[in-house]
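Participant: Would you mind keeping the following structure in view while I ask a few things?
What follows draws every value from the coordinates through simple rules; no lab data is involved. Keep in mind it's a predicted model, so treat the numbers as computed, not measured. As a convention, Cβ positions derive from the backbone with ideal geometry for all residues, glycine included, and neighbour counts pool all protein chains shown.
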Amino acid sequence: MSMQNWSDEMILVELPAEPETTDELERVVRAVRDRGDCGVVVDLSGVTVLTSTSLAALLRLKKLLDDCGRPLQLCSVGRATQGIISLTGLDEVFEMVGDRFDALARAEAAPGVAPAPKAV
């Protein structure tokens, strides 16, 4: 997994495939708790299937971020993974967008999130 500080208030996470997905999501939850107020973009391009345990970890992350008023964006969601999310009804809970750049732009446009620094 790759977890990067995109800006002072945004984390970008690239999740690996199962069986590491759940453990990595738990690392993200701990990092968000330790860091405080920040939004998260989760890139699911490396994930082919989500287990119920991974979905539960995503829901914990969503709840934590909602309580802080911060966004959670899922991006690069494959067809099979999107099908699992839709089948469980969680497509109404999670915001899914095409790619990480769109997700980061949307997340940073959310109220209370500072934009990423511009390159000079």
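Participant: Scan the range 61-73 for residues that are outside any strand (DSSP E or B) and either touching a strand residue (DSSP E or B) at 6+ places or on another chain (Cβ under 7 Å) or in contact (Cβ under 8 Å) with a residue 60 or more places away in the chain (or both) and report the count.
Facilitator: The total comes to 5.
Participant: Further question on the same structure: May I ask you to say which residue of 76, 2 is touching a strand residue (DSSP E or B) at 6+ places or on another chain (Cβ under 7 Å), on the phi < 0 side of the Ramachandran plot and among the hydroxyl-bearing types (Ser, Thr, Tyr)?
Facilitator: Working: 76 fails: on the phi < 0 side of the Ramachandran plot.
That would be 2, the only listed residue that is touching a strand residue (DSSP E or B) at 6+ places or on another chain (Cβ under 7 Å), on the phi < 0 side of the Ramachandran plot and among the hydroxyl-bearing types (Ser, Thr, Tyr).
Participant: Taking only pairs six or more apart or across chains, which ones have beta-carbon atoms under 7 Å, a first residue in the range 88-106 that is surrounded by 17 or more Cβ atoms within 10 Å (Cβ to Cβ), and a second residue that is aromatic (Phe, Trp, Tyr) and outside any loop (DSSP other than H, G, I, E, B)?
Facilitator: Close Cβ pairs (under 7 Å, with a partner that is aromatic (Phe, Trp, Tyr) and outside any loop (DSSP other than H, G, I, E, B)) amount to 104/6.
Participant: How many residues does the range 24-47 hold that are acidic (Asp, Glu), surrounded by 15 or more Cβ atoms within 10 Å (Cβ to Cβ) and in a helix (DSSP H, G or I)?
Facilitator: The initial filter retains those residues of the range 24-47 that are acidic (Asp, Glu), namely 24, 26, 34, 37, 43.
Now restrict to residues that are surrounded by 15 or more Cβ atoms within 10 Å (Cβ to Cβ): 24, 26, 43.
Going one step further and asking which of them are in a helix (DSSP H, G or I), we end up with 24, 26.
Result for the range 24-47: 2.
Participant: Condition test on residue 47, is it within 20 Å of residue 88 (Cβ to Cβ) and in contact with a strand residue (DSSP E or B) (Cβ under 6 Å, 6 or more places away or on another chain)?
Facilitator: Numbers: within 20 Å of residue 88 (Cβ to Cβ): yes; in contact with a strand residue (DSSP E or B) (Cβ under 6 Å, 6 or more places away or on another chain): no.
Here the answer is no, as residue 47 does not meet what is asked.
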